[in-house]
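A quick write-up on the structure given underneath.
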Amino acid sequence: MDSIDYYNKNASLYFENTVDINTEENRNKFMSAIPEGAAVLDLGCGSGRDSLEFIESGYDVTAIDGAEELCELASIHIGQDVLCMQFDELDFDEVFDGIWASAALIHISPEELKGVFEKVIKALKPGGILYMSFGHGDFTGYLNGRYFQNFKTKAMKDFLAGYAGLELLEIWKSTENLGEANLDEWLHIIIKKQEEKQE
């Protein structure tokens with residue numbers, strides 16, 4: 001069973017366990033770095049919890065998730081369609097001012113992460129902001145029906161060093177419950193895609 005199967009089979013329980021989690025501190029750091037009314041992609045929106053907050057804050061939100069059952073629940077929650085799409089199917093070209101990937105890319109294997117990450121960066125406008133969070137640690141593998149890839153700070157910095165044109169704005173750790181029972185320490189990253197140089 002892959003991670004998508006897990007979320008489809010446990011959609012209602014996952015929705016109930018995560019829809020009321022407070023992510024305000026992380027969201028505020030992200031929102032302070034993007035323009036008012038910005039176009040925001042909620043990548044792996046899950047319950048739609050953060051999408052709804054962004055919508056109510058006046059942002060133009062596109063929400064996507066790979067699990068069809070979760071998409072249906074999230075769509076009802078946020079009052080607009082949620083796109084059912086695998087991350088490797090992303091095909092946006094400089095569309096978004098900000099991309100919010102809270103505990104989303106954590107389920108991508110090391111072999112696939114590079115390709116997915118490049119699609120995510122391509123989807124950002126020049127000057128756009130990416131927030132992402134991973135479990136903090138060294139673990140990579142399957143746990144309770146899902147695949148997890150965690151990062152420590154140095155490993156994340158080493159990963160990002162492979163990409164020109166990205167500026168690491170902030171990286172920090174926190175101890176909080178983001179709805180993953182096996183994770184209570186998180187690594188948060190905010191990145192800026194540099195503006196295109198004028199000729």
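Brief remarks on what is shown
- For the chain: relative contact order, % (alpha-carbon pairs under 8 angstrom, 6 or more apart): 20
- Distance between the range 82-105 and the range 110-188 - C-alpha centres, whole angstrom: 14
- With contributions of -39500 (n - 2.57) from each DSSP H run of at least four residues, the per-residue ellipticity at 222 nm computed over the chain stands at -9000 deg cm²/dmol.
- If you run the Gaussian network model on the chain, springs between alpha carbon atoms under 10 Å, then out of Ser51, Ser32, Ser109 the most flexible one is Ser32.
- Rounded to whole Hz, the Karplus (6.51, -1.76, 1.60) HN-Hα couplings of the range 141-157, x for glycine and proline: x, 8, 8, 6, x, 10, 8, 10, 10, 9, 9, 9, 4, 5, 4, 5, 4
- Links that overshoot a 28 Å alpha carbon limit, given the list Lys9/Lys152; Lys9/Lys154; Lys114/Lys193; Lys9/Lys122: Lys9/Lys152; Lys9/Lys154; Lys9/Lys122
- The charge dipole of the range 3-193, taken about its Cα centre with unit charges on the Cβ atoms of Lys, Arg (+1), Asp and Glu (-1) only, comes to about 700 debye.
- For Lys29, the aspartates and glutamates whose Cα falls under 14 Å of its own Cα, not counting residues fewer than eight places away in the same chain, are Asp50, Glu53, Glu170.
- The chain - share of DSSP beta bridges that are antiparallel (%, nearest 5): 55
- Amide H partners (placed H, <5 Å) of Ile99, local residues excluded: Leu41, Ile129, Leu130, Tyr131
We did not get these values from a lab; they are worked out from the coordinates using the rules stated. In this text the structure is predicted, and so the values were computed from the model without any measurement. As a convention, Cβ positions derive from the backbone with ideal geometry for all residues, glycine included, and neighbour counts pool all protein chains shown.
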